[in-house]
Amino acid sequence: MNCELLATCSALGYLEGDTYHKESDCLESVKDLIRYLRHEDDTRDVRQQLGAGQIVQNDLLPIITQHRQDKALFDACIRLMVNLTQPAMLCFGKVPDDPVFRFHFLQVTSHLQAYKEAFASETVFGILSETLYDLLQLDWEQRQEEDNLLIERILLLVRNVLHIPANPNEEKKVDDDASVHDRVLWALHMSGFDDLVKFLASAQSEQQWSMHVLEIISLMFRDQTPEALVSAGHARSAEEKQRDSQELESLRQKEHAEKRSRTLQRGTRHSRFGGSYVIQGLKAIGDKDVIYHRNLQNFKNYTHDMGKAVRCVPKRNRKAQECKDKRRSALNVRLFLREFCVDFLDNCYNRLMYLVKENLIREQSQQHDETYYLWTLSFFMAFNRGNGFRADLVSETMTIRAFHFIERNITNYYEMLLTDRKEATSWSRRMHLALKAYQELLLTVNEMDRSQDETIRQSSSVIKSNVFYLMEYREIFLTLLRKYDETRQPHSYLKDLVESTHLFLRMLERFCKGRKNLMVQRKNVKRKKSQGKKQQSAAETSPEALEETWKTVEEELKAAGFQLSESLTESIVPFDATSETPLEEQRTEAMVRVQDALLARLGPEALGLLRAARSVWPEGDVFGSADVEPEEELELLKQILHANLPRPSPPDTGVEEDEDGAELEEEELESVQVSETEFNFLDFIKRFANPSIVRPYLLLLKSYSKNTPHTNHCIARMLHRLAVDLKMDALLFQLSVFHLFNKILSDPAAAAYKELVTFAKYVLNRFFSLTAQNNKAYVELLFWKNVGAVREMTEGYSKDGCKPTWTEEEEEELRKLYEEHRDSEVPDIVETLLPLLSNSNRNRRQVVTQLVRMGLVDNAKELKKPKYVLYCLCGDFKVIKSDNIFTDVLGNILKKLTAKRSRARVVDKLLSMGLVSERRELYKKRSRSAQGKSSGKGMTEEEFLAELTQGFPDDSVDRDDEDEREDESEESEEEDDEEEERERSQNGGRRSQSMNSPVERRADVGTMVYALHQAGMSGPLLWLQNCLNKTAIDRENDGLSQPVPLFPVTEASEDAMENKSFLRLLRKLGMRAPADEQECFWRIPAKISASQLRSTAAALSPREDEPGEEQNGSMSPAREPQQVEDEEDSTEQRAQALRALLLARTRKRHTSEDTENHLSFSCIHFRSQEKTSTKRSRSRVLDDDEEENGIVLLLLF
């Protein structure tokens, strides 16, 4: 011992006989010991030295028993003993893995066990009881803070002593013998401390000690079982005697059968010569038969594994260890504990459990304190069931709140079992404790059904209806069986789980039989990707934020003089040479990295990345020219900052597991839809017909000889439900199951397992009857089967899986085509070969498989589809915002694709690549201002050609309308969501409104109006005309424009609103369709002016002339002559420009016609609207592709 510790311990006093003489500075010495304990090291050296010196046995306990009148010294000694007796697990945090720390851990535990034996004294507990009694006599007004602290320390000291584990090497006691723990309990009882515990549990003024009281009670009964306490002091019942006799009879039969088998194996005369034999039909390592060198008596037990060394099972694959077994205490201890349970249930249980539950819910307790609550619930409710059941004694825990609390804890424990692998054993034990509590709740509800009191039976029915109604309680056993893992959860847990499932199903079946229609809750979970990141990025890239960011970056770069430090230049690497990502994709990623650095206001890093990328990719001046000036670099960085660069979609590949096995998952939002459905018990049982659920039952059945008869009955009943009730006996046609059945049938004591023997014979008979019909049944024994495989095995195999064969001619054709196109530089050779094959029914997978089978390619990965790669080729590095440039991006892509693909497939691919964030970005767009149209700005080439050739954009509108109808038909074929259809119709309405400005009577409108008149819809057209005129008058009078609904007042109008031709006319006129579920009627948009409404209404008037006469276009009277002349001049100029453009493109087409046949990518050209440098000329030459097309986006397939 340390000299300072030794001197301090000597200054306490000395024990002479039974009298302890304390020194004058005894109190200061106790305080010094407390101070030493506060500064001990990780090995707990001070604690070990004090334990080796037996300071508790020789000094502290005699001080508190003989010098109780010294209150300060008594308080200090209690405080020191609370510190010395705290569990070793709290001292070290966990059981150490290091051998050195494990030794210190065991040393501290051995000292604690010596302390516990010293506390097994009635004198010590008598002093503690008297002190606690005196303190509890004080009213709360008279108690000081020191009194409350002393009460808490006494309770903690008793709890620590009871928590000390038993020493298995020292205490080799048999049942009904008194252990150290029993002697401590007896001393506690003789001192009256147990009565004080019951008082603290029941007194309303002492509710602050509820958690301490619950811990003490749970530790008092930790070695006991409710059944043992119930039967204490009572003679055995007839049922118990019969059960014991049956067990003895089964053991006797097994022993006689084994003796008989040994007698038959043993010959009359012992052979002293082993001999050598050849086993015919059993091959050795070579081609010859096995030579057997032993006696023939043990030949049946011969295997190839005889003589081999047993391989050590890896630690991660070992089965979970069982908790220590319960032992039966001495009779006098069991009797006093039984009386304690009776008094506790009568006076304390409901109140104490209520207080503890409130503390747990409000998180006013320490971590893992709910385990004491779960243990107390299961123990005392089981005791109540066995000791003359009374529902009122446990009414506090017989509520739906208790079911919910336990179910939530089971779920939490399972999640922690998967995540916290280092503490998996502790979480597994807590999960087992929660399962026992849930099982006890079900047993108590089942006991309430048998009660003679009608009110109790009604209460039970209410509880069952709530439990069976909610999906969480109804499917908890399905989940637990499916997630069972024998390496983390012990065998006892599986036993309780199987018995609980059997009880639940029996209660549910009985509950369903008395009702015709049982409605239960059903939840559908829809997961959507979180939009939080997108919204955040949108907020960061607002114009105001970008301007502020650019000012900061610009000032920083100018202050540094565009100079970079050597360390920064050397640390920046624009690409990874070891990465499998192509250089083109890394170039795009480098552009995004520059933008990210600018958004983070890291100017030098962004400039360094730009210069490094320029040195890696100098071609095309994508990152600027080699002789670029600092001012141009600054302008270049500004354009990158404001550019809408396409960011790659997040990878779908899973993240590699780390040491803890944690996986990063994409954040999702869940929307739960709750509905009600009719419950069918047989359909619910069908969910148990799954190999992942059957395996735990068969794993428990392997220990049938050690199981109780009730456990074996639960297993057999579940297997009977699957094999007989559901007629899925083929689910058990598995080799390991048959091996287990053979073991049961050949067991000498098989007569004791009649239920299992009968069931095994039934399954085997069904299998052999099936083999007469299905000769592949023996092969099926090697595999576990799901419901689909069971159906195919019993009813016949489907022929859908037959693969189409290739003829010799088709193989030769495929070989020739592959050799012809193998050297071509097409990205996807399979897509090139598919349309050239004579058999058009071949798909991609069949072609790839056949190429691999024929040996033309080594692996199918060589023919994997190339990913969509985005190239940004900016000749002048002009980054343009293209919101109002494209008219039909998707249509242009579809036209340029070499392989024919559906519109929906291309949209989904663009979304998955991250090139677009929403579907609406791919909808057709038009410029909103009519002035931009007339001036020719912001128009696509199709619209430009349409205006020049026909004078009006009616044809383009007609084509757009046809595209819209085509989109609608494709949407109906692909069954898109209603929300997307509404967005399409709404966007279509806006497009029609922008292009079909109702200023003049158009030819297509006249045609449609004429057709509707011929169809007998003059009334609805007149009603629509009146609505437009009234709305125009109202807008002129009020000066306000609001959307006005078109409300049909007659049956003819209602029928017209369901007519496709009439709705097409409304869309053509610019009317808006219902936007969402809250809108039922079409509306006149607020953007249409009163004059436009009048012009539209005039266009609905019937004309006597034929509709085809207006195809060339007649001028409206409202148009001024000057406007007509201006339009004719602009049309003439545009015609001249068009002819120049067509002539230039014709010359280029002849030169590039041969190379275009092998191009497999689509080019989308659009004109630039912004200039990147003031030094550039603003003139455009139509013949120059680089000047005409500022940016070319290549979608490479």
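The values are calculated or read from the model by the stated rules, or taken from the named source; none is laboratory data. This structure is a prediction, so every number in the text was calculated from the model and none was measured. Note: ideal-geometry Cβ built from the backbone for every residue, glycine included; neighbour counts use all protein chains shown. Please note that ligands, DNA and RNA were not included when accessible areas were found on the heavy atoms of the full protein model with its side chains. Shrake-Rupley method; radii C 1.70, N 1.55, O 1.52, S 1.80 Å.
Identify, from the list Val333, Val342, Val310, the residue that is open to solvent by 80 Å² or more (accessible area, probe 1.4 Å) and of a type in the set (A, V, I, L, M). Before you say what the answer is, go through the steps one by one.
Values: Val333 fails: open to solvent by 80 Å² or more (accessible area, probe 1.4 Å); Val342 fails: open to solvent by 80 Å² or more (accessible area, probe 1.4 Å).
Going through Val333, Val342, Val310 in turn, just one is open to solvent by 80 Å² or more (accessible area, probe 1.4 Å) and of a type in the set (A, V, I, L, M): Val310.
Check segment 757-766 and report whether any residue there is in a helix (DSSP H, G or I), out of contact with any helix residue (DSSP H, G or I) (no Cβ under 6 Å at 6 or more places or on another chain) and of a type in the set (A, V, I, L, M).
yes
Is at least one residue of segment 729-748 polar (S, T, N, Q), within 34 Å of the chain's Cα centre (by Cα) and closer than 23 Å to Met507 by Cα?
No, there is no match, as no residue in segment 729-748 is polar (S, T, N, Q), within 34 Å of the chain's Cα centre (by Cα) and closer than 23 Å to Met507 by Cα.
Filter segment 313-326 down to residues that are of a type in the set (Lys, Arg) and at pLDDT 75 or above and give me whichever is surrounded by the most Cβ atoms within 10 Å (Cβ to Cβ).
Top of the filtered list is Lys319.
Quick one: would you say Ser426 is at pLDDT below 95, over 23 Å from Leu393 (Cβ atoms) and part of a helix (DSSP H, G or I)?
yes
Out of all the residues in segment 742-756, which are under 18 Å from Leu698 (Cα atoms) and in a helix (DSSP H, G or I)? Walk me through how you get there before you give the answer.
Narrowing segment 742-756 to residues under 18 Å from Leu698 (Cα atoms): 742-747, 750, 753-756.
Those that are under 18 Å from Leu698 (Cα atoms) and in a helix (DSSP H, G or I): Asn742, Lys743, Ile744, Leu745, Ala750, Tyr753, Lys754, Glu755, Leu756.
Could you check, for segment 328-342, whether at least one of its residues is at pLDDT 90 or above, of a type in the set (A, V, I, L, M) and within 30 Å of Glu475 (Cβ to Cβ)?
Among the residues of segment 328-342, not one is at pLDDT 90 or above, of a type in the set (A, V, I, L, M) and within 30 Å of Glu475 (Cβ to Cβ), which makes the answer no.
Please go through (1) in a helix (DSSP H, G or I); (2) under 14 Å from Ser1089 (Cβ atoms) for Ala1011 and return the number of the only condition it doesn't satisfy.
(2)
Looking only at segment 8-34, count how many residues are open to solvent by 60 Å² or more (accessible area, probe 1.4 Å) and free of Cβ contacts under 8 Å to residues at least 24 places away in the same chain.
10
Under 7 Å between Cβ atoms, at least 6 apart or on separate chains: pull out the pairs that start in segment 577-603 with a residue that is in a loop (DSSP other than H, G, I, E, B) and end on any residue that is open to solvent by less than 30 Å² (accessible area, probe 1.4 Å) and modelled with pLDDT of 80 or more.
Matching pairs, first to second residue: Arg601/Thr549; Arg601/Val553.
Name, by its number, the condition in (1) touching a residue at least 40 places away in the same chain (Cβ under 8 Å); (2) over 30 Å from Leu200 (Cα atoms) that does not hold for Arg38.
The one condition Arg38 does not meet is (1).
Going residue by residue through segment 216-227, is there one that turns out to be buried (at least 19 other Cβ atoms within 10 Å of the Cβ) and farther than 21 Å from Val333 by Cβ?
Checking segment 216-227: not a single residue is buried (at least 19 other Cβ atoms within 10 Å of the Cβ) and farther than 21 Å from Val333 by Cβ.
Could you give me the residue pairs with C-beta distances under 6 Å whose first residue belongs to segment 348-365 and is aliphatic (A, V, I, L, M), whose second residue is modelled with pLDDT of 90 or more and open to solvent by 20 Å² or more (accessible area, probe 1.4 Å) wherever it lies, and which are 6+ apart or on separate chains?
Met353/Glu396; Leu360/Glu370
Among the residues of segment 470-500, write down those that are farther than 19 Å from Phe405 by Cβ, β-branched (Val, Ile, Thr) and open to solvent by less than 40 Å² (accessible area, probe 1.4 Å).
Residue satisfying the conditions is Val498 alone.
Restricting the search to segment 54-64, which residues are open to solvent by 40 Å² or more (accessible area, probe 1.4 Å) and in contact with a helix residue (DSSP H, G or I) (Cβ under 6 Å, 6 or more places away or on another chain)?
Answer for segment 54-64, where residues must be open to solvent by 40 Å² or more (accessible area, probe 1.4 Å) and in contact with a helix residue (DSSP H, G or I) (Cβ under 6 Å, 6 or more places away or on another chain): just Gln57.
Can you work out which of the residues in segment 835-858 that are of a type in the set (D, E, K, R) and open to solvent by 80 Å² or more (accessible area, probe 1.4 Å) is modelled with the lowest pLDDT?
Here the answer is Asp858.
I'd like the full set of residues that are surrounded by 11 or more Cβ atoms within 10 Å (Cβ to Cβ) and within 18 Å of Gly93 (Cβ to Cβ), limited to segment 35-50.
Residues satisfying the conditions are Leu37, Glu40, Asp42, Thr43, Arg44, Asp45, Val46, Arg47, Gln48.
I'd like the residue in segment 398-417 that is within 24 Å of Lys94 (Cβ to Cβ) and free of Cβ contacts under 8 Å to residues at least 12 places away in the same chain and, out of all such residues, is nearest to the chain's Cα centre (by Cα).
Checking each candidate, the answer is Glu415.
Checking Thr123 against (1) in contact with a Ser or Thr (Cβ under 7 Å, 6 or more places away or on another chain); (2) in contact (Cβ under 8 Å) with a residue 60 or more places away in the chain, which test does it fail?
Condition not satisfied by Thr123: (2).
Any residue at all in segment 285-307 that is under 26 Å from Lys706 (Cα atoms), touching an Asp or Glu at 6+ places or on another chain (Cβ under 9 Å) and either assigned to a helix (DSSP H, G or I) or at pLDDT below 80 (or both)?
Taking every residue of segment 285-307 in turn, none turns out to be under 26 Å from Lys706 (Cα atoms), touching an Asp or Glu at 6+ places or on another chain (Cβ under 9 Å) and either assigned to a helix (DSSP H, G or I) or at pLDDT below 80 (or both).
Please go through segment 1014-1066 and give me each residue that is of a type outside the set (A, V, I, L, M), open to solvent by 70 Å² or more (accessible area, probe 1.4 Å) and part of a loop (DSSP other than H, G, I, E, B), ordered by number.
Across segment 1014-1066, the qualifying residues are Gln1042, Phe1047, Glu1058.
For segment 110-142, which positions are open to solvent by 30 Å² or more (accessible area, probe 1.4 Å) and closer than 21 Å to Phe199 by Cβ?
Once the filter is applied, which keeps residues that are open to solvent by 30 Å² or more (accessible area, probe 1.4 Å) and closer than 21 Å to Phe199 by Cβ, segment 110-142 yields Glu122, Glu130, Tyr133, Asp134, Gln137, Leu138, Asp139, Trp140, Glu141, Gln142.
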